[in-house]
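Asker: This is the structure, below, for whatever I ask next.
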C-alpha cells in the first residue's frame, strides 16, 4: 500500500525498520513510500538506492543519507522548516 510522508515526518517512517539495515532491505521496505517535498515528491526507496552506503546503523544515519540525496530546493527555503509553527 503506497504512502505519502512529509519530510518533517521522515524519522518516524525510517523507524519502521530494524537497525542496522542493509541498503537493499531499506530500499525494499520503503519502495512504496513517497516523500512530500517543498518542490514536489520523491520515492523514498529509489532515493535510498542512490546511496553508496551498503548498510545503515541507525535512523540518524539513514536520514542523513536520504537528505544528502535530495536537491537543496527539495527541503524548502534555506533556514526554513516545515515543522515550525
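The values are calculated or read from the model by the stated rules, or taken from the named source; none is laboratory data. None of the values given here were measured: they were computed from a predicted structure. Cβ placement follows ideal geometry from the backbone for every residue including glycine, while neighbour counts extend to all protein chains displayed.
Asker: Would you be able to tell me the number of residues in segment 11-25 that are surrounded by 15 or more Cβ atoms within 10 Å (Cβ to Cβ), in contact (Cβ under 8 Å) with a residue 24 or more places away in the chain and either part of a strand (DSSP E or B) or out of contact with any helix residue (DSSP H, G or I) (no Cβ under 6 Å at 6 or more places or on another chain) (or both)?
Answerer: So the answer is 4.
Asker: If you check 33, 21, which single one turns out to be at pLDDT 95 or above, closer than 22 Å to residue 2 by Cβ and more than 13 Å from the chain's Cα centre (by Cα)?
Answerer: Just a single option satisfies the conditions, and that option is 21.
Asker: In addition: For the list (1) part of a loop (DSSP other than H, G, I, E, B); (2) farther than 18 Å from residue 2 by Cα; (3) touching a helix residue (DSSP H, G or I) at 6+ places or on another chain (Cβ under 7 Å), I need the number of the one condition that residue 62 fails.
Answerer: (1)
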